[in-house]
1. Loop only per DSSP, at most 15 neighbouring Cβ atoms within 10 Å: give me the trypsin sites (Lys or Arg not before Pro) in segment 1-62, ordered by residue number.
2. Between H51 and R21, what is the label-to-label distance in nm when each label sits 7 Å out along the Cα-to-Cβ direction?
3. Give me the net charge for the shell around Q14: Cβ to Cβ below 15 angstrom, other residues only, Lys and Arg +1, Asp and Glu -1.
4. Per residue of segment 46-51, what does 6.51 cos²θ - 1.76 cosθ + 1.60 with θ = phi - 60° give for ³J(HN,Hα)? Whole Hz please, x for Gly and Pro, Karplus curve as stated.
Amino acid sequence: MADDRIDRTVLLSQCSAAVFRAATVTLMAVVCPSRACGVTVPVVDGMIGEHLGMSGDCSLGGARVCDDRISVADTANASDAVVPS
């Protein structure tokens, strides 16, 4: 029997598209990365909403979405810059 309490995480880069609220840069929706799904679903409190895929209830409903994008600000530190010679 599967344990439904296992914390499932989906990387934002696994989703083929994402919708952000421009004013607050809040993630609002993603395209579900499940092969049997691929529908646009809401993201509520950082979690993919429950939804139906092609084969019924999608197993990724309730999975946490982790934003794995690299911020330009994180890489702009002058002390880490590589200067070509």
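1. Working: sites: R5, R8, R21, R35; in loops: R5, R8, R35.
Listed in order of number, the matching sites are R5, R8, R35.
2. The modelled label-to-label distance comes out at 1.8 nm.
3. Result for the local shell: +2.
4. For segment 46-51, the Karplus-derived couplings read x, 10, 5, x, 5, 7 Hz, x marking Gly and Pro.
Values quoted throughout were computed directly from the atomic coordinates according to the rules given, and no laboratory measurement underlies them. Values in this document were obtained by computation on a predicted structure and should not be read as measured data. All Cβ positions, glycine included, derive from the backbone under ideal geometry; neighbour counts span all protein chains shown.
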